[in-house]
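Report on the following structure.
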């Protein structure tokens, strides 16, 4: 409140003045006081008005920020309006039509070693493998396996990066030709951006630092062709410091192993569409269709049998669940996803993803032959950016810069899948009492990067008249996933011993 203006004491000479002069002075003084009071009231009114507007503006900003945060974390969304347009047999976004060997469906065949899991109604929780390392108290938990997130890298924005990527399409000796977008004419503008988290920094990838952190370790990416996309990105990044040796691959190139001999680091990729055991649904002529029978109570041994010996596992996937799939349990069909059949319950994509992710995390937690300090990260869902069609129906993704936040579809099922995946990781941590499960939350960052896909910029000898708006160019936005991975690995790696 502004100070009240008090009159100064009248001079001594005024006391001898005539009554008329006294009356005149008193009138003038009253006028001055009234003017001061009016000025003070006016000033007070102005300041009060400014204060009210300030409070209203701050409240609106706070509510907007809170609402955006709640959308990112909690949004219980039910569907993506664009899903129905992608559910054409053979054209779904779960596979990669321009990759040799991935065009034909290599089903996860049943095996005596398949892992049986509790049913959805089972209350059993995964038990933690007894750690072989020394327990610590406080924030350090188990030495070398604390997956504490010191920086929330999931929220942020893409900012200009004049330096460009760590590697180019000419400096990566392992770059797959069908991800070499610059070779086939893609505008290079998508290369000059970096992800800037809110409130902290995500350091530029250092190949030397990554190799030092994983020296003597084994890391595997477990999932579909997007898991392969991340492995190819990491190979390109690390090859700037050391050229890897191609150790082995299977007949379909879905299980691949690389080795960095100078650092004794092994990098692997393991293919699985659903984590669970799944077989293609056959048509009337006995030929495989684009649909699958997914056995939610049984995991396939193709990837679970390869878990022993790993130090780090990065699991991912969800895109194959957008197909018309059928859910099985206890040897019988119990429902479907996207089937729209009157005699079957459609449980929805999010339900199927939750069950599959939970089963995968439980299998890792129960793995008796795995290392006690095996650290597992789940990379969250990343969307496609098809516009006006799909793979073979005229869809395209010709943006030349990241989307603005206002262009993100807040009703996309991607937010719900992200929430489901994060909740299942939290559940695994709580059930096992272990901090060795973490999240690589890339969903928002990749929703903004409609400019980072190959589109039609690939070698047309593999397939014609297709557009790839699901996978990512190399180099490209996908490299950020490995920036985030390095940051997490560096946080859980014990510092080198002090030299005395």
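Here are a few things to note about the model shown:
- Ratio Rg/Rh [Cα only; Rh per Kirkwood] for the stretch 312-400: 1.09
- Packing, as the average of other Cβ atoms within 10 Å across residues, places the peptides 385-394, 313-322 in the order 313-322, 385-394, highest first.
- A simple packing score, the average count of other Cβ atoms within 10 Å per residue, orders the peptides 159-166, 231-238, 436-443, 366-373 as 231-238, 436-443, 366-373, 159-166, with the highest score first.
- The calculated FRET efficiency for the pair residue 332 and residue 411, based on their C-beta separation and a Förster distance of 35 Å, comes to about 0.55.
- Residue-span extension gain [residue 249 to residue 204] - 0.36 nm each, minus C-alpha spacing: 13.1 nm
A short reminder: the numbers here are calculations on the coordinates, not readings from a lab. Just so we're clear, the structure is a prediction, and the values are computed from it rather than from any experiment. Here Cβ is always computed from backbone atoms with ideal geometry, including for glycine, and neighbour counts include all displayed protein chains.
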